[in-house]
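This report concerns only the one structure given below.
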């Protein structure tokens, strides 16, 4: 009977250690790491994207944002959310939001 209690305790602690937790860091109306001409009338909002950066020590939110804005025509994220997730082995920085495109960038005139 005693070994059953230890087994249940071990399984419970094991699942808690594997699951980890996630923390919502912040919400932004619009965020970018690129130079943007806000007076340009050629912005449009595209689909929702997710950028991730994984590290065992300290994941970079900047790298996650750069991964989300990997398209050449993408200049910003609208309604962006930063999430920090602590897993069993790795830590994750996650950025999700709607990508904002600029049609004034050469080669992006016909972007839909």
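So the values come out like this:
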{"read-out": "Considering residues of segment 18-27 that are surrounded by 10 or more Cβ atoms within 10 Å (Cβ to Cβ) and at pLDDT below 80 only, the residue nearest to residue 64 (Cα to Cα)", "value": "22"}
{"read-out": "Verdict on residue 43 being free of Cβ contacts under 8 Å to residues at least 12 places away in the same chain and more than 21 Å from the chain's Cα centre (by Cα)", "value": "no"}
{"read-out": "So residue 85, is it in a strand (DSSP E or B) and either over 30 Å from residue 14 (Cα atoms) or in contact with a strand residue (DSSP E or B) (Cβ under 8 Å, 6 or more places away or on another chain) (or both)", "value": "yes"}
{"read-out": "Single residue of 30, 105, 36 found to be part of a strand (DSSP E or B) and surrounded by 13 or more Cβ atoms within 10 Å (Cβ to Cβ)", "value": "30"}
{"read-out": "Looking only at segment 44-61, and only at residues there that are assigned to a strand (DSSP E or B) and over 27 Å from residue 104 (Cα atoms), the one that is modelled with the lowest pLDDT", "value": "55"}
{"read-out": "Check on residue 64, touching a strand residue (DSSP E or B) at 6+ places or on another chain (Cβ under 7 Å), within 30 Å of residue 14 (Cα to Cα), in contact (Cβ under 8 Å) with a residue 12 or more places away in the chain and not in a strand (DSSP E or B)", "value": "yes"}
{"read-out": "Output for segment 57-88, where each listed residue is more than 12 Å from the chain's Cα centre (by Cα) and under 18 Å from residue 23 (Cβ atoms)", "value": "57, 58, 86, 87, 88"}
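The values are calculated or read from the model by the stated rules, or taken from the named source; none is laboratory data. Remember, predicted model here, so these are calculated numbers, not experimental data. Reconstructed Cβ throughout: ideal geometry from the backbone, glycine too, with neighbour counts over all protein chains shown.
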